[in-house]
Amino acid sequence: MRLLEKTNRIYLFFSLSLYVIAAFSMYGIIKWLIYDEVESRLLVEKRDFLVYIHHYNWKQDSYFVENKIEVEPAHEPTDFKETFKDTLIQDRYSQKMIPFRQLTFYVPIQRVEHRVTIRKSMIQSYRLIEAITFTMALMLGLLLLGTYWFQNQLSGRIWQPFYDTLSRIKHFDLTQKQKLQLAQPEIIEFNELNEVLQKMSDKILHDYLNLKEFTENASHELQTPLALINAKVEQLIQAEQLTENQTHWIQTIYEASLRMSRLNQGLLLLAKIENRQFVNQQTIDLSEELTEKLADMEEMVQYKKIQLSVTIESPFMVVLPPVLAESLITNLVSNALRHNVAGGEIRLHSSSDRLCLSNTGHVLLHAPNELFSRFKKEGSSSESLGLGLAIVKEICDNYGLQIQYTEVNGLHSFCLSLKS
């Protein structure tokens with residue numbers, strides 16, 4: 001949910017609650033005022049009635065205009081208080097029940113205690129209350145809708161610089177080597193935000209270009225002397241004057257230089273993947289590439305007497321730079337072969353949304369969540385640098401893939417899937 005939408009919803013709910021409370025309060029106040037007016041008029045009619053019976057004798061056919069008065073002999077109850085209350089009386093003409101407000105009190109007439117009830121019709125008052133209530137509800141509703149619409153439009157315009165900045169940040173690409181260009185809005189807070197983001201993006205771009213230049217230089221400057229060392233060492237190994245001890249030491253140097261060369265290539269590859277320096281992405285069928293890679297490793301499979309099982313239900317299509325797809329496949333296959341056992345098996349299963357490569361092997365020495373860490377190796381083999389699965393994980397994290405490891409009954413599985 002967007003911030004503006006969330007703010008507007010909170011404002012709408014708060015305003016609606018406030019308007020409902022205000023509506024009920026106004027309804028109560030109006031009703032109280034009308035009732036107070038009616039009761040005041042009833043009290044005036046009471047005084048008129050008392051004056052009337054003081055000067056004239058009460059007769060049953062006596063009639064007060066606009067009022068209905070009921071007088072009958074009755075004894076005043078103990079602790080009686082003069083009271084007002086609502087009642088309904090049937091109209092003699094329309095036969096409908098009409099609302100009345102009545103005042104009841106006791107008074108002696110010709111030395112006989114009588115109960116007097118004075119009633120006044122409330123129908124006009126109720127119509128007035130209904131009209132006022134309807135008008136009030138309509139006006140409050142229009143006011144609420146108008147305020148909400150205005151708030152939404154105003155907020156949209158006020159927040160437009162923020163959304164403009166957000167859009168530019170989303171389209172900012174380090175690989176284009178172009179600085180992030182942000183506007184200077186009138187709102188101070190947004191302007192300060194853009195200044196901070198501008199400085200951050202400039203620093204990030206500067207660091208990215210420096211790191212890219214370093215990796216390119218390191219790739220060239222380190223590989224050249226390492227290749228030269230390997231070539232000279234190979235020449236020394238072939239020399240006839242070397243003793244057996246010298247040959248051993250030269251062979252050790254040669255293996256160390258090869259390992260250093262592979263380590264340099266692995267670390268530089270990780271740095272390039274992290275900085276997304278591979279841009280020519282293509283749609284690749286990883287299941288087909290894996291099948292071909294396993295076919296290329298047929299000699300190793302036969303040497304270890306590994307049983308190979310391939311099940312392709314449907315191709316597993318991904319979007320990757322070809323060089324990274326090759327690195328991903330090579331590292332997965334190498335891992336499955338290196339950590340397999342003689343007479344074991346390798347299983348490949350592919351569907352449209354999942355690709356699993358499984359192999360038999362020994363029990364893990366480390367926790368499963370450490371498999372994808374750098375320089376974590378299962379076993380003491382000098383051939384492994386401990387970077388293969390780290391490279392696989394880095395490729396997956398940067399190119400919309402997920403990799404999951406499971407182990408069931410000695411069968412180790414690495415499954416790739418597309419991120420949702």
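The values are calculated or read from the model by the stated rules, or taken from the named source; none is laboratory data. Everything quoted here is computed from the prediction, not taken from an experiment. Virtual Cβ from ideal backbone geometry, glycine too; neighbours counted across all protein chains shown. Protein only, heavy atoms only, side chains kept; ligands, DNA and RNA dropped before computing areas. Shrake-Rupley method; radii C 1.70, N 1.55, O 1.52, S 1.80 Å.
A compact table of results
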read-out: Lys, Arg +1 and Asp, Glu -1 on Cβ, resulting dipole of the chain about Cα centre, debye, nearest 20; value: 1660
read-out: Charge dipole (debye, nearest 20) of the range 288-420; +1 at Cβ of Lys and Arg, -1 at Cβ of Asp and Glu; value: 380
read-out: Angle between the chain longest axis and helix 322-338 axis [Cα atoms, degrees, rounded to 10]; value: 70
read-out: Angle between the chain longest axis and helix 286-296 axis [Cα atoms, degrees, rounded to 10]; value: 20
read-out: Contour excess over end-to-end distance, with Cα ends at Leu193 and Glu298 and 0.36 nm allotted per residue; value: 31.9 nm
read-out: Whole-number percent relative contact order across the range 93-226, with pairs defined as alpha carbons under 8 Å at least 6 apart; value: 13
read-out: Rg and Dmax of the range 96-236, Cα atoms only, in Å; value: 41.7, 147
read-out: Inverse mean reciprocal Cα-Cα distance (Kirkwood Rh) of the range 1-160, Å; value: 19.9
read-out: Exposure ranking of Lys232, Lys293, Lys31 by accessible area [1.4 Å probe, largest first]; value: Lys232, Lys31, Lys293
read-out: Pairwise label distance in nanometres, Leu154 with Thr406, each label 7 Å out on the Cα-Cβ vector; value: 5.6
read-out: Equivalent-ellipsoid semi-axes of the chain, from the Cα gyration tensor, Å, largest first; value: 98, 29, 18
read-out: Order of exposure, largest accessible area first, which applies to Ser413, Ser334, Ser352 with probe 1.4 Å; value: Ser352, Ser334, Ser413
read-out: Potential extension, Ala231-Leu128 segment - 0.36 nm per residue separation minus Cα distance; value: 26.4 nm
read-out: Solvent-accessible surface (1.4 angstrom probe) belonging to His171, in square angstrom, nearest 10; value: 140
read-out: Proximal aspartates and glutamates to Lys179, defined as alpha-carbon separation beneath 12 angstrom and excluding residues fewer than eight positions away on the same chain; value: Asp202
read-out: Partnerless cysteines, meaning none of the other Cys C-beta atoms lie under 4.7 Å away, in the chain; value: Cys396
read-out: Per-bin percent of Cα-Cα distances, the range 271-359 [10 Å]; value: 16, 46, 28, 9, 0
read-out: Candidate residues Glu299, Glu313: accessible-area rank, largest first, probe 1.4 Å; value: Glu299, Glu313
read-out: Rounded tilt (10° steps) of 3-55 against the dominant C-alpha axis of the chain; value: 10
read-out: Added length on full extension, which subtracts the Cα-Cα distance from 0.36 nm per residue, Asp202 to Leu12; value: 64.3 nm
read-out: Residue with peak Gaussian network fluctuation, the chain [Cα springs, cutoff 10 Å], from Trp32, Trp149, Trp159; value: Trp32
read-out: Computed accessible area, Leu389, all protein chains, 1.4 angstrom probe, square angstrom; value: 20
read-out: Out-of-range pairs (alpha-carbon distance over 26 Å; input Lys96/Lys120; Lys177/Lys199; Lys212/Lys293; Lys46/Lys85; Lys31/Lys120); value: Lys212/Lys293
